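The values are calculated or read from the model by the stated rules, or taken from the named source; none is laboratory data. Since we're looking at a predicted model, the values are computed, not measured. As a convention, Cβ positions derive from the backbone with ideal geometry for all residues, glycine included, and neighbour counts pool all protein chains shown.
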């Protein structure tokens with residue numbers, strides 16, 4: 001019971017902490033503007049290339065659809081990767097890290113709890129951006145298996161939060177985690193099949209793609225949108241879950257290791 | 001005799017405005033050298049966007065798209081860094097505890113921010129260098145500049161235009177507590193509207209919005225100079241419009257900065273805001 005209380009406290013306080021610098025109207029603005037503009041940028045690039053190459057209209061529509069769906073799903077990373085990594089940064093900047101480490105509370109619920117409301121926020125981002133994809137870029141969900149798609153989105157949000165915790169745990173060792181937050185949010189656009197399929201990457205880089213839960217999640221969601229059932233996409237979801245859990249585990253090891261070193265050296269903010 | 005010596009020294013010194021701009025430019029550069037991690041977030045997004053575009057463009061047999069990607073990547077780097085530095089121009093002074101000194105100094109606040117804005121636009125160009133290397137070695141794209149002199153001229157003028165727009169943002173952001181949020185929220189829309197990675201006709205009914213952005217005309221001129229040895233009249237037209245718009249930016253920024261400075265001195269709340 002105590003662990004559950006710690007888990008929820010950690011979830012609520014970590015989420016509320018971001019509003020020390022982000023007021024709610026601006027949070028809404030970012031929620032609606034950031035994902036839409038990112039999606040629009042890549043859709044316009046894809047459209048320009050497709051038109052310039054003289055592709056037939058159906059192929060141009062397919063390109064736009066591919067990019068819009070990928071970017072709608074990638075917006076989950078803004079909450080589950082960028083925001084979660086920045087929790088570590090704010091713990092350092094706001095001076096709350098010593099208090100966090102001084103508490104006798106169990107570390108695992110603190111560590112996992114801090115990402116949990118960002119998971120819900122990430123799902124909301126994906127939902128909003130799917131609305132943009134449907135109404136502004138003509139994505140048709142008519143054939144989609146909505147149950148399979150919903151589960152793919154939920155699992156992607158959870159596992160990407162696991163990835164955020166991994167990098168967040170690693171970030172304890174850096175003076176400014178914001179740098180890592182930026183790097184690991186944006187490189188997903190290259191590696192995870194957001195704007196182009198993974199097999200279009202140079203061969204040596206392709207294995208890197210499978211280290212990110214988002215790659216599996218996007219594949220699962222694309223197949224669900226094409227009408228495949230939950231059972232049919234379950235291999236993707238299974239692999240995604242494994243990668244997500246391993247990420248959380250490694251992130252937790254980083255966190256505990258940082259705590260040990262910080263206690264030993266007394267350098268909490270910049271070990 | 002002493003008076004004569006001082007007047008000699010005065011002749012050697014640049015006009016006060018340029019001296020202030022240069023000093024702010026130099027200080028900003030020194031800050032980046034001392035703490036380079038701050039530049040990383042601002043070039044990450046343009047860099048990644050350009051790599052994605054290059055990957056999408058790699059099937060293009062003409063190489064025309066690659067030019068858009070590389071030059072657009074450089075432009076986005078300038079944008080990202082200038083927007084960021086504008087958003088944080090005053091915030092940064094607060095963190096350093098130097099805002100009171102800057103405001104109390106007889107130098108014009110706008111000249112201080114201008115120097116910083118130019119330095120940040122220049123740093124944003126590092127993205128273009130990174131993209132050139134990636135394009136050349138990673139994507140085997142051969143990129144020649146047909147008219148290097150006009151390319152350099154248009155690049156420098158575009159950099160000044162981006163910096164001038166940064167001044168407007170800086171003055172507007174000073175009045176808001178959410179400069180950081182505006183900075184993040186405006187970054188991608190500006191990449192789209194400026195047509196950095198694709199011609200603005202792709203925007204359809206939103207195309208006219210891009211006409212008020214000086215750098216839109218600048219990137220058109222840069223592309224023309226990179227593609228043609230003998231540039232057409234369009235090159236000069238683009239440069240002319242960009243200079244005109246830049247002059248308007250500077251006029252607007254001057255008015256806004258006077259307002260901000262007056263408000264800051266009168267209310268005395270800028271440091272706490």
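Going by the structure shown, is residue B:190 at pLDDT 80 or above, within 14 Å of chain A (Cβ to nearest Cβ), within 16 Å of residue B:71 (Cα to Cα) and in a helix (DSSP H, G or I)? Criteria met by residue B:190. The condition (being farther than 24 Å from residue A:50 by Cα and surrounded by fewer than 17 Cβ atoms within 10 Å (Cβ to Cβ)) is satisfied by just one residue among A:208, A:179: A:208. State which residue is farthest from residue A:15 (Cα to Cα) when the search covers only region A:74-101 and only residues that are buried (at least 22 other Cβ atoms within 10 Å of the Cβ) and either modelled with pLDDT under 80 or more than 14 Å from chain B (Cβ to nearest Cβ) (or both). Among those that are buried (at least 22 other Cβ atoms within 10 Å of the Cβ) and either modelled with pLDDT under 80 or more than 14 Å from chain B (Cβ to nearest Cβ) (or both), it is A:76.
Residues in region B:44-64 that are in a helix (DSSP H, G or I) and modelled with pLDDT under 75: B:64 alone. Against the conditions (1) within 20 Å of residue B:155 (Cβ to Cβ); (2) modelled with pLDDT of 90 or more, residue B:230 satisfies every one except (2). Considering region A:160-267, the qualifying helices (runs of 4 or more DSSP H), each wholly inside and each with 3 or more residues that are more than 24 Å from residue A:69 (Cβ to Cβ) and modelled with pLDDT of 90 or more, run over A:230-265. One residue stands out in region A:9-33 among those that are closer than 29 Å to residue A:134 by Cα, over 19 Å from the mean Cα position of the chain (by Cα) and more than 7 Å from every other protein chain (Cβ to nearest Cβ): the one that is surrounded by the most Cβ atoms within 10 Å (Cβ to Cβ), namely A:25. When region A:128-145 is limited to residues that are assigned to a helix (DSSP H, G or I) and without any contact (Cβ under 8 Å) to a residue 24 or more places away in the chain, the one that is farthest from the chain's Cα centre (by Cα) turns out to be A:135. Considering the conditions (1) under 13 Å from the mean Cα position of the chain (by Cα); (2) more than 25 Å from residue B:211 (Cβ to Cβ); (3) within 14 Å of chain A (Cβ to nearest Cβ), residue B:77 is excluded by exactly one of them, (2).
Scanning region A:164-192 for residues that are more than 14 Å from the chain's Cα centre (by Cα) and away from chain B (no Cβ under 11 Å) yields A:169, A:170, A:171, A:172, A:173. Filtering region A:55-73 down to residues that are within 11 Å of another protein chain (Cβ to nearest Cβ) and more than 23 Å from residue B:182 (Cα to Cα), which residue is surrounded by the most Cβ atoms within 10 Å (Cβ to Cβ)? Result: A:67.
Might you let me know whether region A:34-52 holds any residue that is surrounded by fewer than 16 Cβ atoms within 10 Å (Cβ to Cβ), more than 9 Å from every other protein chain (Cβ to nearest Cβ) and either under 20 Å from the mean Cα position of the chain (by Cα) or more than 12 Å from residue B:192 (Cβ to Cβ) (or both)? Within region A:34-52 (the criterion being surrounded by fewer than 16 Cβ atoms within 10 Å (Cβ to Cβ), more than 9 Å from every other protein chain (Cβ to nearest Cβ) and either under 20 Å from the mean Cα position of the chain (by Cα) or more than 12 Å from residue B:192 (Cβ to Cβ) (or both)), the answer is no, since none of the residues qualifies. Reported count of residues in region B:194-224, each being away from chain A (no Cβ under 12 Å), under 24 Å from residue B:54 (Cβ atoms) and surrounded by fewer than 16 Cβ atoms within 10 Å (Cβ to Cβ), is 0.
Taking the conditions (1) without any contact (Cβ under 8 Å) to a residue 40 or more places away in the chain; (2) under 13 Å from the mean Cα position of the chain (by Cα) in turn, residue A:161 satisfies each one other than (1).
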